[in-house]
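Data block below; observations after.
Here, each number is a calculation from the coordinates, and none is a lab measurement. Not measured: the values here are computed from a predicted model. Cβ sites come from the backbone with ideal geometry, for glycine too, and all protein chains shown count toward neighbours.
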Amino acid sequence: MLTKTFKITISHKLYKIIIIIPFIISILVTSYGYINAHNIVKKEYTITSTKIKNDKGYKIGLISDVHFGNTFSIQDLEKYRNQLNDENLDFLVLAGDIIDEFTKVEDYEKVFNMLGSINTKNGVYYIHGNHDESRYTNPKDNRKEKLLNAIKNVNITFLNEESINVTDDIIITGRIDYSYRNLGVRYSSNDLIKNLDKEKYLIVADHQPSIYQENKNAGYDLQLSGHTHAGQIWPFGYVTRAISFDYGYLKEDNFNLIVSSGFGVWGYPIRTEEKSEYVIINIEKE
């Protein structure tokens, strides 16, 4: 039996092109991701409800997943603080992961001072995400205590499995992150809502959107979440979308869910999926 051997010869020039093209693509994608991560856009939604009695309605701000120190400086944050001041908000929700394991402790007060100075008629409300307390490391510098002190010292209300009347029409409930569920500190949605006035518009701030059905079934009207970063870096968006509704606006019956892609990014300062954003929600009388 005769065996023929074929040899493919690649010229030196073609070989260099094959090597260089992926390198150039990597540089272009990384550059785009870096620029995209640093370009914060405004995302706006409008919701109507018969529970809203105020003819003018309400304007709510939503910021999640700043992960301060990874992408932005205090000067950057001040720029967007000034933009939010121009919105004339009724109130602002900070939906978790404002800081994380990599945020310098000495920056805690600077970050929350800046966010707490955003002009609102009815206050700024903060909930824990899964990173705020640096739970994925073993810090030796009392980060949890310093976080709580930073919040107490500014114009921010920390809602930890608590509800508060924000306006005559609106009550907001703040949840501790779902990752705390096995520690006995996160209650059921039914327990949290049972003593609330169901005639009012009930908002729940819950960092992770994955169990929104529980909040819906309990009777909340609107859930505000972040956490997913809308995938942040391709192809991780396929993973977040497979787990739950991961970005944008979802309406099921009378329940509304808004998931922000986040103000910042986690890990690498790169975003190739969606835009970094702050969110404006207009809740109007139906």
### Query
Which FRET efficiency value, to the nearest 0.05, is calculated for Leu250 and Ile17 with the Förster distance at 45 angstrom and r the Cβ-Cβ distance?
0.45
### Message
Rounded, prolate or oblate for the stretch 131-251? Axes are the square roots of the Cα gyration tensor eigenvalues, ordered a ≥ b ≥ c, and the cut-off for rounded is a/c under 1.5.
### Response
oblate
### Selected from Ile127, Ile176, Ile35 as most flexible by GNM, with the chain as the system and alpha-carbon contacts under 10 Å
Ile35
### Task
Note down the magnitude of the dipole of the chain about its Cα centre, charges +1 on Lys and Arg C-beta and -1 on Asp and Glu C-beta and zero elsewhere, to the nearest 20 debye.
1200 debye
### Query
Projected onto the charge dipole of the stretch 78-188 (+1 at Lys/Arg Cβ, -1 at Asp/Glu Cβ, origin at the Cα centre), which of Ser163, Ile98, Gln83 gives the Cα projection farthest towards the positive end?
Ile98
#### Entry: Residue-averaged 222 nm ellipticity for the chain, from DSSP H runs of 4+ at -39500 (n - 2.57), nearest 500
-8000 deg cm²/dmol
### Task
Quick one: order Asp169, Asp107, Asp141, Asp246 by neighbouring beta-carbon count within 10 Å, fewest to most.
Asp141, Asp107, Asp169, Asp246
### Query
Using alpha carbon centroids, what distance separates the stretch 16-55 and the stretch 196-274, in Å?
17 Å
### Message
Can you compute the charge dipole magnitude of the stretch 176-243 about its Cα centre, using +1 on each Lys and Arg Cβ and -1 on each Asp and Glu Cβ, nothing else charged? Give it in debye, rounded to the nearest 20.
### Response
120 debye
### Query
Of Thr173, Thr71, Thr48, which is the most mobile in a GNM of the chain whose springs link Cα atoms less than 10 angstrom apart?
Thr48
### Query
Using a cut-off of 27 Å between alpha-carbon atoms, which lysines can reach Lys152, once sequence neighbours fewer than 8 places away in the same chain are excluded?
Lys59, Lys79, Lys104, Lys110, Lys121, Lys140, Lys144
### Task
Would you kindly state how much longer the chain becomes between Tyr238 and Asp191 on full extension, computed as 0.36 nm times their sequence separation minus their alpha carbon distance, in nm to one decimal?
13.6 nm
#### Entry: Eligible aspartates and glutamates near Lys275 by straight Cα distance, threshold 19 Å, same-chain separation 8 or greater
Glu44, Asp65, Asp76, Asp97, Asp246
### Task
Taking the dipole about the Cα centre of the chain, with the C-beta of Lys and Arg at +1 and of Asp and Glu at -1, give me whichever of Gly219, Tyr268, Ile18 is farthest to the positive side.
Ile18
### Message
Using +1 at the C-beta of Lys and Arg and -1 at the C-beta of Asp and Glu, which of Gly231, Tyr178, Leu196 has the Cα lying farthest in the positive direction of the dipole of the stretch 12-285?
### Response
Gly231
### Task
Compute the label zone of Lys42 within the stretch 261-286: residues whose backbone N is under 13 Å from the point 7 Å along Cα-to-Cβ.
278-282
### Set of lysines near Lys251 by C-alpha distance (under 18 Å), chain-local residues within fewer than 8 positions excluded
Lys43, Lys51, Lys216, Lys285
### Projected label distance in nm at Arg81 and Glu145, using a 7 Å step from Cα toward the beta-carbon
2.7 nm
### Task
Among DSSP beta bridges whose residues both lie in the stretch 12-285, state the antiparallel percentage, nearest 5.
30 percent
### Query
Along the principal axes of its C-alpha atoms, what lengths does the chain span, in descending order and rounded to whole Å?
88, 45, 40
#### Entry: In degrees, nearest ten, helix 74-85 long axis to first principal axis of the chain (Cα)
50 degrees
